[in-house]
Each structure stands twice: as C-alpha cells, then as structure tokens.
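Visitor: This is the structure I want to talk about, given as structure tokens.
The values are calculated or read from the model by the stated rules, or taken from the named source; none is laboratory data. Since this is a predicted model, take the numbers as computed values, not measurements. All Cβ positions, glycine included, derive from the backbone under ideal geometry; neighbour counts span all protein chains shown. The protein model used for the area step is the full one, side chains on, heavy atoms only, and it has no ligands, DNA or RNA in it. Shrake-Rupley method; radii C 1.70, N 1.55, O 1.52, S 1.80 Å.
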Amino acid sequence: MSEQFNMPPPAPPTAPGAPAPSARGPAEQRVSLLAADRACTRCAFNLVGQSIVRESHYGLLIIRCPECGTVASLQEYPLLGRWANRWAALLAGLWFLVITAGTLAVAGVITGFTFGVSQSAAERVVETIKSAYIAHETARGTDPNAINWWWITDPTWWPAQDKRKIIADAGGWFGAIRWRAFAIWLAGGTVLFTFAAAWAVLMSHRRGVRLVLTTLPMILFAMLFWALSQTGGSTFSSVYDLAAGMLWPVVLPMSLACAAVSLCAGVLLGRPLARIVVRAALPPRLRVPLGWLWTCDGLAPPKPI
Ligand SMILES: [Zn+2]
C-alpha cells in the first residue's frame, strides 16, 4: 500500500493560478496539476491547470476551486499494474464482439422472417406460374404427368415470361400478395422487441435518436443478407423461388418496416420496462447497484429506503 502512494517528486513551487502551499497549511503538499477539464461542483469554474494537493488531514488528493474555495476530491489512479490496461483492452474487444454478434443475429432473424413472409405471401403467384408452365409444357407435347414444376428445368422459359402478365393473372399487385402472410411479423416483431429491449439496457450510454440509430446496422445487414440470397447463380429455380422473387418489391420493404417498428419500440421501451421489472422484483436496497438504469436516462436513482 505504502509503495502505491509514494509521492511524486515535488512540483515547482509556483504554477499559474495556484495558491501558494503555505496559504493552505504547511503540511499540504502539491502533487501535480490538473491536466483536463473539470468544473467546480459549486460555481462551475473550470479547474484545469489548478494544483492537485494532498491535504494534511486524511492525506487525500484534492483541488481547491480558486474562485469559491470549494474542495473537489480526486481519486488516485488505481495502480493495478499492466493488467488494468490488459483487462480494459480485453473487455473492449469482448464488447465489440457482443455488439457485432448481436447485430448480425438480429439481421439474421429479420432475414429469416422476411423469407417466411415471402414464401407464404407468394402462394397465388406460385399457382399462376405453375399453370403457365404446365400450359407451356403441354403445348410442347410433354406428358402432363411428367411435368416437374418443382424445378423449372427449361432455362429459356422463365426469362421469356412477361412478369407483369403473371402479376396481372394472379390478381394484380393487391390480389397477387397473400397479405395474411405478414401476420408472421406478430411473432417476428415480438422476438425483435425483446431483443431490442435488452439491447437498450446494454446501450445505456445512448439515448433517444442515437439509441434508435444503433439498430440501423441490423436493418442494413438484413438487406445485405437478402441481396446475397437473391444473387445465387442457379439456373434451376423452383416455382416457389420464382414467385417469392417476384414479390420482393412489396415484401422486403414492408418486412423491413415491421422489423424497424419493432426494434424502435424495443429500444425506446426497453429501459422503462427494465426499471419496472427492477422495481417489482428487487427490494429497495438491491435496486441501488442498478441505479445506472435510472441515471443513464437522466432520472433520479432509486432510494435505498
Ligand atoms: Zn468554485
């Protein structure tokens, strides 16, 4: 202990703006100068450049405000050796991993539910493409029982089709899409809301719009995953894939909107919900260590009694 609190060599006796040590008592020792901005808690005077002294009574490091004389206490840097920095670096790396993994996981969930909607919404278009393909094969003289519409094996047929006609035959954009498919987002939205609520607790250093913006990469990665899934170079596409691929201009934006609304609601309600849970589940004393859940939103922390 005594080694950790060894005094640095005495600083030069006169520094700009510093009262002479003798004015504060003979046993008070100047240790250093404050090198960063720090406001006086009473008058908000910037204490940068003031002398840091070791006061005589308790041997604590303090700064005296030259304007109002209020004492600002300082904490001595905990001398944990090199491991303090190593742990800090490790934790920062771990934090980055958790954030990245979380972002990619949510993007994966969004992509998964979008696929679900996409398959389910395309049922009518599947039927339309199927009958068009069967008509084409029948016209070529293929045995109707041998037509395999699971895979469009004729690579010239699909590119030659008029996509607008297929949508029109399926009932137009409004009729072609099975809108009930979006009900999947009730489940997807619940999953995302829960995740976003936990995310907001994790992101306690962000508030408001900045907090909401932390979910933007999730949406962007979901778009990227979707785009990558659509650029497969396969020449054989089942009617299901073809139908789902046609409806993406409606399905993708609507799914991303559902995801965005769920994520926004989750991050904005996450911490208020967490506070309700903490209040309900913990006795007053045990709430105190979780006071940051309040202070991070500018609220008064819970009282211990
Ligand atoms: Zn002051």
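Visitor: For residues that are surrounded by fewer than 17 Cβ atoms within 10 Å (Cβ to Cβ) and either on the phi < 0 side of the Ramachandran plot or of a type in the set (D, E, K, R) (or both), tally how many sit in the range 202-215.
Guide: Summing the residues that are surrounded by fewer than 17 Cβ atoms within 10 Å (Cβ to Cβ) and either on the phi < 0 side of the Ramachandran plot or of a type in the set (D, E, K, R) (or both) in the range 202-215 gives 8.
Visitor: Moving on to the next point. Can you confirm whether Thr128 is under 30 Å from Trp173 (Cα atoms), away from the ligand (no atom under 16 Å from the Cβ) and among the polar types (S, T, N, Q)?
Guide: Taking the combined requirement at face value, the residue satisfies it.
Visitor: Which condition does Ala105 not pass, out of (1) among the aliphatic types (A, V, I, L, M); (2) in a helix (DSSP H, G or I); (3) within 16 Å of the ligand (Cβ to nearest atom), if it passes all the others?
Guide: So the condition that Ala105 fails would be (3).
Visitor: Scan the range 273-297 for residues that are open to solvent by 50 Å² or more (accessible area, probe 1.4 Å) and either touching a strand residue (DSSP E or B) at 6+ places or on another chain (Cβ under 8 Å) or in contact (Cβ under 8 Å) with a residue 24 or more places away in the chain (or both) and report the count.
Guide: The number of residues fulfilling the criteria is 2.
Visitor: Right, here's the next one. Yes or no: Ile184 among the β-branched types (Val, Ile, Thr), open to solvent by less than 70 Å² (accessible area, probe 1.4 Å), under 30 Å from Gly266 (Cα atoms) and at pLDDT 90 or above?
Guide: Criteria met by Ile184.
Visitor: Determine whether Gly298 is at pLDDT below 90 and outside any loop (DSSP other than H, G, I, E, B).
Guide: Criteria not met by Gly298.
Visitor: Taking interchain pairs and intrachain pairs at least six residues apart, which have beta carbon atoms under 8 angstrom, with the first residue in the range 37-49 and within 12 Å of Thr70 (Cβ to Cβ) and the second among the hydroxyl-bearing types (Ser, Thr, Tyr) and near the ligand (Cβ under 6 Å from one of its atoms)?
Guide: Pairs that qualify, where the first residue is within 12 Å of Thr70 (Cβ to Cβ) and the partner is among the hydroxyl-bearing types (Ser, Thr, Tyr) and near the ligand (Cβ under 6 Å from one of its atoms), are Cys40/Thr70; Thr41/Thr70; Arg42/Thr70; Cys43/Thr70.
Visitor: Using the structure shown, decide if Pro155 is modelled with pLDDT under 85, under 30 Å from Gln230 (Cβ atoms) and more than 16 Å from the ligand (Cβ to nearest atom).
Guide: Against the criterion (modelled with pLDDT under 85, under 30 Å from Gln230 (Cβ atoms) and more than 16 Å from the ligand (Cβ to nearest atom)), Pro155 qualifies.
Residues are listed down the side, and each one gets a yes or a no for (1) within 16 Å of the ligand (Cβ to nearest atom); (2) not small (Gly, Ala, Ser):
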{"position": "Val48", "(1), (2)": "yes, yes"}
{"position": "Ile52", "(1), (2)": "yes, yes"}
{"position": "Leu90", "(1), (2)": "no, yes"}
{"position": "Ala135", "(1), (2)": "no, no"}
